[in-house]
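Step one of this worksheet: look at the structure below.
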Amino acid sequence: MLYYGADYNPEQWPEPVWSEDVALMRRAGVNLVSLGVFAWARLEPSEGEYRFDWLDRVMDLLHDNGIGVNLATPTASPPPWFSLAHPDALPVNRDGVRLVHGSRDTYCVSAPAYRTACDRIATQLARRYADHPALAMWHVHNEYGTWCYCDHTAVAFRDWLRRRYRELDALNDAWTTSFWSQGYGAWEQVLPPRATQYLPNPAHLLDYRRFLSDEMLGHFVRARDILRGFSRAPVTTNFAFGGWVPVNGWSWAKELDLIAIDCYPDAAGRGGRQQVAFAADLARSYASQGPDKWMVMEQAADMTMTADGHLARPAGELTRHTLAHVARGASGAMFFQWRASAGGAELWHAAMLPHAGPRSRVFREVCALGRTLRELPEVRGETHSEVAVIWDPESWWAMQAPGLPSPSLDYLDAVAPVHAALYRLGIACDCAPPTADLTGYRVVLVPGLYLVSDEAAANLNGYPGTLAVWYFSGLVDERVRVRPGGYPGAFRERLGVRVDQFAPQPPGVGWELSTGDTASTWRESVTLDGAVAVATHPDGTPAITRYGDSWYVSTRLSDPGLTRLLAGIVAAAGVSPPVPSLGGDVEVVRRGGSLFVINHGDHPVELPSAPGRTVPAGGFLTLPAY
Ligand code: GAL
């Protein structure tokens with residue numbers, strides 16, 4: 001059975017609404033809800049005073065109706081009484097401003113009072129609901145990602161640094177503090193990277209991100225262990241995605257019983273579905289490093305909030321996106337939230353049950369999707385990928401430091417187009433950390449891997465299959481210290497090239513390569529050191545090179561050019577899509593014994609017959625538009 005449901009926030013509604021909720025949930029085929037995510041003030045209206053009677057009634061009501069509960073620890077939104085009693089537990093931003101309650105996530109994860117309060121509420125919930133028959137899993141916190149620069153953080157940061165470097169000299173060396181007179185003479189002099197006068201130290205910034213990830217993971221593990229002390233239900237937390245999220249999914253995956261992601265694509269049409277595919281491949285890959293299972297904890301049933309306002313969702317898209325997740329291995333897909341709020345900060349956020357109520361296009365689609373998921377023959381097994389795309393949060397974080405040679409250098413902007421090109425080709429891929437065992441793959445793609453440890457470099461250089469590396473890779477080690485002797489530092493020998501100079505290009509300037517494809521943004525002066533040029537710039541110098549099974553792409557290709565290049569690379573390695581391309585609007589994914597074919601386009605598509613495929617009389621299957 002695939003999970004299907006949403007965040008359910010009954011605390012926003014009078015009790016008579018709850019029975020209507022549950023009746024409509026049944027109609028929609030909902031079988032799981034996340035409960036209590038933001039209910040701390042309701043559960044503990046003042047310090048140590050608990051009100052569980054209402055939650056008891058909700059849990060019972062859901063159970064009586066066959067709906068399971070993903071019960072949350074409500075720690076992402078401490079109540080006002082907490083922050084007034086413990087102002088030192090409020091987050092301080094990098095400018096030194098202490099934020100106050102009035103929104104959510106107003107806590108410092110390192111503050112002792114916050115930790116104590118979190119332990120207390122988690123213990124109370126675990127004790128009370130561990131044996132409740134509705135309990136299906138635990139949802140710790142919500143979207144870890146709050147940054148803090150306060151004095152508690154400073155203490156915790158120093159402890160983390162002491163564990164990492166042991167000696168202050170080692171820290172001074174790792175941070176290259178000889179530059180700009182930054183040498184530390186005592187641990188107490190080390191601070192979180194608060195606002196400073198000009199360019200900050202990139203190694204300091206990166207260690208702070210690493211620290212935040214570990215510190216938040218520590219918070220998760222504490223709650224998890226409390227819950228596990230009372231209950232055997234799986235424990236998860238929902239990952240947010242974005243450059244602001246200081247969570248390293250690879251290290252977290254090992255601590256979770258189930259990977260859960262929130263997926264809010266911020267582009268329409270093809271861009272949106274490429275983001276869905278990427279999020280799903282990443283989640284499945286995290287799961288493969290830990291608990292094996294993953295699910296979508298949140299998506300939007302209608303308009304999605306983006307930085308540019310709300311993005312409308314065309315009819316049927318939530319079904320197609322949900323099935324795309326399932327095709328890539330999801331154990332289910334949920335929404336934020338069940339019933340659209342009437343007030344509060346997200347009163348215009350979409351929901352399974354919109355403001356208009358059940359007589360609405362969205363609710364009809366939600367019900368149809370519930371039926372579709374229920375009726376899917378059980379999908380077993382996993383997608384099988386022969387291609388891996390290296391995904392490294394540390395390179396992402398390191399590339400966010402100011403002072404890079406071009407403002408156009410962006411990690412996600414290096415990786416996402418490579419993944420999107422595979423998507424266009426219908427080639428399944430996994431994501432993998434740079435130190436993973438890669439021997440099961442035929443092709444490994446390394447876009448924008450700015451930072452590589454010695455261990456990762458040895459792993460990638462020793463990988464026996466086809467390796468393709470993109471520009472701005474292999475340049476610095478884990479201390480953000482340049483690997484000297486020519487770029488791309490760590491990968492020079494494997495790629496058979498040596499670069500002595502970068503030539504960032506102004507925005508909007510493009511040029512044609514010898515292959516006829518367009519390049520832009522970035523150039524390098526590449527000397528061949530064994531490799532041959534397979535594409536050259538107009539002046540005849542190498543743009544793309546090949547050295548046996550190793551490729552180097554030293555410029556930014558347009559999307560069609562990238563797709564053509566990857567088609568050639570994967571074909572040469574003997575990798576092909578599960579069926580020949582059905583055009584750019586048809587997504588084809590194999591999961592175990594099932595082939596998912598999703599038509600995102602506005603025209604019907606005829607599927608070719610293939611040996612072993614059951615097709616209706618007439619010899620072919622027609623997949624309707626959308
Ligand atoms: C998520 C969050 C939800 C809700 C949603 C809105 O990031 O976990 O609580 O705020 O965004 O899109």
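Counting Cα-Cα pairs of the range 123-187 in 5 Å increments starting at 0 gives whole-percent bin shares of 3, 12, 15, 13, 13, 8, 9, 8, 6, 6, 4, 2, 0. Distance from the alpha carbon centroid of the range 355-371 to that of the range 238-264 works out to 29 angstrom.
Other residues whose C-beta falls under 10 angstrom from the C-beta of Trp391 contribute a net charge of -3, scoring Lys and Arg +1 and Asp and Glu -1. Which whole DSSP H helices in the chain pass both tests: a Cα extent of 27 Å or more along the axis and a mean Kyte-Doolittle value no lower than -0.5? Sorted by number, the helices that extend far enough and score high enough are 202-230, 269-288.
Among Asp529, Asp308, what's the order by accessible area (1.4 angstrom probe), most exposed first?
So, going from the largest accessible area down, we get Asp308, Asp529.
Using only alpha-carbon positions, what ratio does the radius of gyration of the range 460-550 give when scaled by 2.2 N^0.38 Å?
Values: Rg = 13.5 Å, N = 91, 2.2 N^0.38 = 12.2 Å.
That ratio works out to 1.10.
What percentage of all Cα-Cα pairs in the chain are separated by more than 35 Å? Here the tail beyond 35 Å accounts for 45 percent of pairs.
Working from Cα pairs under 8 Å separated by at least six residues, relative contact order for the chain is 10 percent.
The spacing between the range 502-518 and the range 421-461, judged by their C-alpha centroids, is 25 Å.
Surface exposure of the chain, expressed per residue as accessible area with a 1.4 Å probe, stands at 40 Å².
Each stretch of four or more DSSP H residues adds -39500 (n - 2.57); spread over every residue of the chain, this sum gives -10000 deg cm²/dmol at 222 nm. Grab the Cα-Cα distance for Tyr50 and Arg120, subtract it from 0.36 nm times how many residues apart they are, and report the gain in nm with one decimal. Separation in residues times 0.36 nm, less the Cα-Cα distance, equals 24.1 nm.
If the chain linking Glu378 and Gln400 were pulled fully straight, counting 0.36 nm for each residue of separation and taking away their Cα-Cα distance, it would gain 3.7 nm. Counting heavy atoms of the protein chains alone, Glu375 has an accessible area of about 130 Å² for a 1.4 Å probe. The gain in end-to-end length when the Arg166 to Glu346 segment is fully stretched comes to 60.2 nm, 0.36 nm per residue minus the alpha carbon separation. To put it simply, the accessible area of the range 53-207 at a 1.4 Å probe is 51 percent carbon and sulfur. Here Leu495 sits with roughly 0 square angstrom of accessible surface, probe radius 1.4 Å.
Sorting Arg163, Arg270 by accessible area puts them as Arg163, Arg270; the probe is 1.4 Å, largest comes first, and only protein heavy atoms count. Within the assembled protein chains, the solvent-accessible surface assigned to Arg479 is about 70 Å², based on a 1.4 Å probe.
Protein-only accessible surface at a 1.4 angstrom probe places the residues His152, His141 in the order His152, His141, largest first.
Is the C-alpha gyration tensor of the range 360-476 telling us rounded, prolate or oblate? Criteria: a/c under 1.5 is rounded; beyond that, a/b larger than b/c is prolate, otherwise oblate.
On the way: a/c = 2.93, a/b = 1.66, b/c = 1.77.
Here the range 360-476 falls in the oblate category.
Per residue, the average separation of C-alpha pairs within less than 8 Å and at least 6 apart gives the range 1-56 a relative contact order of 40 percent.
Once both labels are modelled 7 Å past Cα along the beta-carbon direction, what's the Trp187-Asp95 spacing in nm? So the label points at Trp187 and Asp95 sit 3.3 nm apart.
In the neighborhood of Ala543, defined by Cβ-to-Cβ distances under 13 Å, what is the net charge if each Lys or Arg adds +1 and each Asp or Glu adds -1? Could the numbers behind the result be given before it?
Values: positive: Arg523, Arg546, Arg556; negative: Glu512, Asp517, Glu524, Asp539.
Neighbourhood net charge equals -1.
The values are calculated or read from the model by the stated rules, or taken from the named source; none is laboratory data. Owing to the predicted nature of the structure, the values given are computational and were not obtained by experimental measurement. Virtual Cβ from ideal backbone geometry, glycine too; neighbours counted across all protein chains shown. The accessibility values were calculated without ligands, DNA or RNA, using every heavy atom of the protein model including side chains. Shrake-Rupley method; radii C 1.70, N 1.55, O 1.52, S 1.80 Å.
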